[in-house]
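Asks: To start, I am sharing the structure in question, which I have written as structure tokens.
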């Protein structure tokens, strides 16, 4: 059971410097509170009190709140309207989706002369025949009932035949109370049966502990919990305060079991790139951004409104040719770029005044086509023709000379460069050095040439 504590109220009084004695508004919704207490002693000046979406079964301990103007008790387990006579300034009461079946309990609100609005939508009493006419006639100070304004003509019509309406409402109340009593008895029987089943289940688990090992026990316990959960949700039941409490306790027990076993609900990973390779736009941190194109510098600029006082070490940037991704405290921001960019040339800067992150991404000039280089084949060399009548001529040379120029075949796999030593071919395969061969050729051409060994060779 959750109780209203002083620490709980002080946490809701941050705007009042955590002072609760002068507090005028407090919100205690969705706290699983099962009883109203201490409020009238701690917060005497309270004007607005929010207690919706709890497990409160009764209206109590609010009679001393003389300045209370608005009380919200929607989504609770209240069955009777009571203990509000001391709230002299009450103007609005919200009891939406409760279990008020005793419609005659609205008579207790006659003392609240300033009451202007009343909400009873979602309660069993609203299904009674003559419900609205009975409430309008019983509370002449009301101006709005369930959000609908009460006109003067409706108030006059509600007073006509009021005795008959009261008689019918009383009969329906008695029938409802008999049905509620039967539901309580059935719920008590179910609780007793559940206790017996729980004891039996405990005995079975003890036997399993003795017979099986730890891993087998865990599997059995998990299976039993799954069977119990499936049976609980599949069993039909009526919507009553008891069933609402049972659901709440079941959920709390399940939560405690998961925490004890260390089970964590796996989070579904956020899809950034689909299976077919399509990049998605994602903004998990919900930051404002501006994506522009700078035609002068041929680049794309992304201005991301990062929080001003956040440390830069909590930011990670990843620029790809078609999209940019920024991680801000683990939350992903991803945007598809309008054109391809150069990731290696992109820059990221952060403003020292605004804290904005600015990404400057140069656009790619064009597509780069990779071509295969082929090795150059050397051009064919023409063999020099030998002079007729030379002593070095051979039948093979004559045959080669008559056949015309011959092309040299070079194997590219063996040679990667031109052989400079064989650029000038020799006339004989076993001829001497190149200089001697040149001198011999010159002596044959020039008749008056004399070879003087003292003269150095020409360079």
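Asks: Peptides 285-296, 240-251: what's the order by average Cβ count within 10 Å, highest mean first?
Replies: 240-251, 285-296
Asks: Rounded, prolate or oblate: pick one for segment 267-365, where a ≥ b ≥ c are the square roots of the eigenvalues of its C-alpha gyration tensor, a/c under 1.5 means rounded, and failing that, prolate if a/b is larger than b/c, else oblate.
Replies: oblate
Asks: At a temperature of 37 °C and a viscosity of 0.692 mPa s, determine how fast segment 6-90 diffuses translationally according to Stokes-Einstein, using the Kirkwood radius over alpha-carbon pairs as Rh; express D in µm²/s, rounded to the nearest whole number.
Replies: 256
Asks: Just to check, using Stokes-Einstein with a Kirkwood Rh over alpha carbon pairs, what's the diffusion coefficient of segment 6-160 at 10 °C and 1.306 mPa s in µm²/s?
Replies: 99
Asks: Treating only the Cα positions of segment 121-175 as identical point scatterers, give the base-10 log of I(q)/I(0) from the Debye formula at each q in 0.22, 0.32 Å⁻¹.
Replies: Cα-only, vacuum Debye calculation for segment 121-175: -0.85, -1.32.
Asks: Ranked highest first by the average count of other Cβ atoms within 10 Å around their residues, in what order do 167-175, 297-305 fall?
Replies: Going from most to least packed, we get 297-305, 167-175.
Asks: Let me ask something else. Give the distance, in whole Å, between the Cα centre of segment 117-175 and the Cα centre of segment 1-43.
Replies: Here the answer is 34 Å between Cα centres.
Asks: Highest mean first, what order results for 130-137, 324-331 on Cβ atoms within 10 Å?
Replies: Result, highest mean first: 130-137, 324-331.
Throughout, read-outs are computed from the coordinates displayed, never taken from laboratory work. From a predicted model like this one, the values you see are computed outputs, not experimental measurements. All Cβ positions, glycine included, derive from the backbone under ideal geometry; neighbour counts span all protein chains shown.
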